[in-house]
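Student: Got a structure for you, questions after.
The values are calculated or read from the model by the stated rules, or taken from the named source; none is laboratory data. If you're wondering where the values come from, they're calculated on a predicted model, not measured in any experiment. Using ideal geometry, Cβ is built from the backbone for each residue, glycine included, and neighbour counts are taken over all protein chains shown. All accessible areas refer to the heavy atoms of the entire protein, side chains included, with ligands and DNA or RNA removed. Shrake-Rupley method; radii C 1.70, N 1.55, O 1.52, S 1.80 Å.
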Amino acid sequence: MIELNKKEILEYQQNRPPYLMIDFAENIVPGKSSKGYKIFNKDEWFFEIHWKNDPNVPGMLQIEALVQMASLSILTIEGNKGKIMYLANANKLKFYKKILPGSKFMIKTSVISFNRGVAKFSAIGEVNNILSCSADFTLVLPD
């Protein structure tokens, strides 16, 4: 099991603030799963524009957070640190509940398969143990 703080996450994957959508990875099992969170502070860049009178985390940024967390389960495999993974497709996107400013967004991802640089995942996001979103997606590691 691997834990990574924000500084260490930056060593493993290429997203940078303000587009880094994860703060802490608390349980990574390389090649198997990853779990962690993002705290959506009230001053996040997107809250003022999505929507001014009803600020919430845009759905695609929720999915991006799932994708970034999932990538850590592959990027922590020996030899993959710092490489780029690309989103190839996303399926079964579901949004159940708004994520509001100040929320702690818990992310849980599972590797369904990883073969020849193609990784398939299933992931969920929760706030206060209530399902907020879910998705299945494929990431590609070109190397």
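Student: Could you tell me whether any residue of the range 57-73 is without any contact (Cβ under 8 Å) to a residue 40 or more places away in the chain, in a loop (DSSP other than H, G, I, E, B), out of contact with any Lys or Arg (no Cβ under 8 Å at 6 or more places or on another chain) and open to solvent by 30 Å² or more (accessible area, probe 1.4 Å)?
Tutor: No, because not a single residue in the range 57-73 is without any contact (Cβ under 8 Å) to a residue 40 or more places away in the chain, in a loop (DSSP other than H, G, I, E, B), out of contact with any Lys or Arg (no Cβ under 8 Å at 6 or more places or on another chain) and open to solvent by 30 Å² or more (accessible area, probe 1.4 Å).
Student: Here's a follow-up. Determine whether the range 76-86 contains at least one residue that is assigned to a strand (DSSP E or B) and either over 13 Å from the mean Cα position of the chain (by Cα) or farther than 22 Å from Trp45 by Cβ (or both).
Tutor: yes
Student: Among what's in the range 9-19 and is open to solvent by 10 Å² or more (accessible area, probe 1.4 Å) and under 15 Å from the mean Cα position of the chain (by Cα), pick the residue that is nearest to Leu75 (Cα to Cα).
Tutor: Tyr12
Student: A further question follows. Please work out which one of (1) part of a helix (DSSP H, G or I); (2) open to solvent by less than 10 Å² (accessible area, probe 1.4 Å) is the condition Ser34 fails and give its number.
Tutor: (1)
Student: Quick test of your reading of the structure: Asn80 fulfils all but one of (1) closer than 24 Å to Asn5 by Cα; (2) open to solvent by less than 30 Å² (accessible area, probe 1.4 Å); (3) touching a strand residue (DSSP E or B) at 6+ places or on another chain (Cβ under 9 Å); (4) not hydrophobic (A, V, I, L, M, F, W, C). Name the failing condition by number.
Tutor: Going through the list (1) closer than 24 Å to Asn5 by Cα; (2) open to solvent by less than 30 Å² (accessible area, probe 1.4 Å); (3) touching a strand residue (DSSP E or B) at 6+ places or on another chain (Cβ under 9 Å); (4) not hydrophobic (A, V, I, L, M, F, W, C), Asn80 breaks only (3).
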